[in-house]
Amino acid sequence: MSERINTRVLVIGGGPGGYVAAIRAGQLGLDTTLVESDTLGGTCLIRGCIPSKAMIHVAGEFETMAKAASAGLNGITLASAPTLDMTKTVAWKEGIVGKLTGGVATLLKRAKVRVVQGWAEFSDAKTCTVVTKDGKSQTIAAEHVILANGSLPVALPHLPFGGAVISSTEALSLDTLPKRLVVVGAGYIGLELGIAFRKMGSDVTVVEALDHILPLYDAQLVEPVHKWLTKHGVTLHLGAKAKSLVEKKKDVALAVETKDGAVLEIPADKILVTVGRKPNTEGWGLENMAVDMAGRFVKVDDQCRTSMKNVWAIGDLVGEPMLAHKASAQGEMVAEIIAGHKRRFNPAAIAAVCFTEPEIVSAGLLPGEAPKNDVIVAQFPFAANGRALSMDAQEGFVRVLARADDHRILGIQAVGAHVSELSAEFAHALEMGATLEDIAGTIHVHPTLSEAFHESALKALGHAIHI
Ligand code: FAD
Ligand code: NAD
């Protein structure tokens, strides 16, 4: 016999979309139930943002120590080269994940959210059955359903996951460092992790179908990353196709068709396939809910309503950008709309950061996305910024793009060490409708990287001080 729960709000998925929606709904006094089949935290906390940044951090520390041991580093020398125990690194990373996922459970409890662990399967738009780990079945009927089922890695048909062919999930939990890593796809994940593995000592080869890395961004913005890859011996095959896995006697290789039509076999210990993510739309009865689709995503309007009354969808399930902070912002908004608030999802910008070496941040329009004659574009190099030089990080720049007529800022990008921390100022400026004069008139702390943003605005106005 199935147990029955009647709830006002049912949230499916405990990722940054779902858990934030549930906490906010609970805070607003709505009777809320959240279903998650795995540990709370979703892709972001368990196998995405947090574990990847933890590994990137370790890789950076290892690289710094290795430099100090080999050539010396600004007066520091180490007597012997560092060693890396991957099992300890992964255990440390798991510790961080555990703290955060435990924290989510506490926050949900504090907000009086009922958490049901198990896989939800919908029989109609407002009813699902959850079979829990101990085999018990619960039927949940809701007035409002918030779908936050997230996304999954895309596999290549001729290179399915398994054995040496891994996704980001396995790459973040390896017990040994792959000596030779081949990365297929030079997007966010491929380059963030490819660079981290290179810093930890793997030989890294990147195979990218397009002619350039990080195709989301313009050539100027990705140039410092490209330079780092070349300088650090990462082999790049651009405009190349990953063909198939070649099983050798002792190991494996990836057959690759290069841009000029030659076929290469690249020996590998692991082949990391990072060619995008797809919304998680199968295996949970979405077809029984009568919601419209927008291509492979669930279709929503600017309040995250689906075509079915009182069924809402958020996060990776509803489209690009597939970013944790977008999922959370949508989740918070939907809970507030259900509670009667007037809200719309209409951000001026959703800033994105690529945690490569160096980091890239982009908010708003890129230069190629605005009519050339109507905008002013100005950039200020970190080579002229005291804080960047004092951190031995002179590579990169901040770039601002503003309307030529009223100087309203339309886009801001930066590439350089630690620029992820500038993302909030960029998003804030765009959200507040700042003009170049607003940024020029704001006193920025010295010495900080943010002064490069101030200077880029001054430069756009024709009177930069430090260049
Ligand atoms: P998810 O986090 O995917 O959560 C969905 C949850 O729903 C999962 O826990 C799943 O188990 C559960 N679920 C699905 N169906 C059911 C069902 N039927 N029953 C029960 N439970 C179900 N984004 C950033 O903004 N910054 C980053 O630095 C960043 N780094 C990333 C690094 C990697 C390696 C990866 C893979 C992703 C990264 N992302 C990053 C993307 C980010 O993780 C996602 O955008 C974000 O997690 C999406 O949140 P979500 O709530 O929509 O879905
Ligand atoms: P992506 O879309 O960023 O990059 C995929 C890359 O693979 C592209 O460059 C594409 O041209 C290439 N590609 C596609 N098919 C190919 C093929 N057959 N052979 C070779 N190359 C091929 O995808 P991703 O790196 O898997 O990341 C997925 C999503 O996760 C991102 O779009 C982003 O939304 C999110 N993410 C965000 C962050 C962050 O915010 N820092 C970090 C990681 C992931």
(message) Once the cut-off is 32 Å, how many percent of the Cα-Cα pairs in the chain end up in the long-distance tail?
(response) 48
(message) Sort 22-33, 75-86, 104-115 by the packing proxy (mean of other Cβ within 10 Å over each peptide's residues), most packed first.
(response) 22-33, 104-115, 75-86
(message) Out of the trypsin sites (Lys or Arg not before Pro) in segment 281-382, which ones are loop residues according to DSSP with at most 13 other C-beta atoms within 10 Å?
(response) R296, K309, K342, R344
(request) Give me the number: length gained by fully extending E223 to E287, i.e. 0.36 nm times residue separation minus the C-alpha to C-alpha distance, one decimal in nm. (result) 18.6 nm
(message) Can you tell me which aspartates and glutamates have their Cα less than 15 Å from the Cα of K93? Leave out same-chain residues fewer than eight positions away.
(response) E61, D85, E170, D175
(request) Give me the net charge of E332's neighbourhood, meaning all other residues with Cβ under 12 Å from the Cβ of E332; Lys, Arg count +1, Asp, Glu -1. (result) +2
(request) Would you mind calculating the relative contact order of segment 164-249 from Cα pairs under 8 angstrom and at least 6 residues apart, reporting the percent as a whole number? (result) 29
(message) Give me the percent relative contact order of the chain, please, defined on Cα pairs under 8 angstrom at least 6 residues apart.
(response) 15
(message) Let me check I've understood the local charge: for D211, count other residues with C-beta under 15 angstrom from its C-beta, Lys and Arg +1, Asp and Glu -1. What total comes out?
(response) -3
(request) Between beta-carbons, use under 12 Å as the cut-off and find the net charge around I409, counting Lys and Arg +1, Asp and Glu -1. (result) -2
(request) Calculate the translational D of segment 165-275 in whole µm² s⁻¹ from Stokes-Einstein, where the hydrodynamic radius comes from the Kirkwood formula applied to all Cα pairs, the temperature is 4 °C and the viscosity 1.567 mPa s. (result) 93
(request) At 27 Å minimum axial length over the Cα atoms and a Kyte-Doolittle cut of 0.0, report the qualifying DSSP H helices in the chain, or say none. (result) 49-70, 86-110
(request) Return the FRET efficiency for the residue pair D438, D211: r is the Cβ-Cβ distance, R0 is 51 Å, and the value is rounded to the nearest 0.05. (result) 0.85
(message) At 0.36 nm per residue, and after removing the present C-alpha to C-alpha distance, how many nm does the segment from T87 to V154 gain when stretched out fully?
(response) 21.4 nm
(request) Among the listed pairs K53/K126; K112/K309; K67/K250; K53/K248; K243/K299, give every one whose C-alpha distance is greater than 28 Å. (result) K53/K126; K67/K250; K53/K248; K243/K299
(request) First check a/c for segment 308-467, with a ≥ b ≥ c the square roots of the eigenvalues of its C-alpha gyration tensor; if it is under 1.5, answer rounded, and if not, answer prolate when a/b is larger than b/c or oblate otherwise. (result) prolate
(request) Would you mind telling me the antiparallel percentage of the DSSP bridges in the chain, rounded to 5? (result) 60
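Only four residue types carry charge here, +1 at the Cβ of Lys and Arg and -1 at the Cβ of Asp and Glu. Report the dipole size of the chain about the Cα centre in Debye, rounded to the nearest 20.
Here the size comes out at about 920 debye.
No lab work stands behind these numbers, since they all come straight from the coordinates. Here the structure is a predicted model, which is why all the values come from computation and not from measurement. We place every Cβ from the backbone using ideal geometry, glycine too, and count neighbours over all the protein chains shown.
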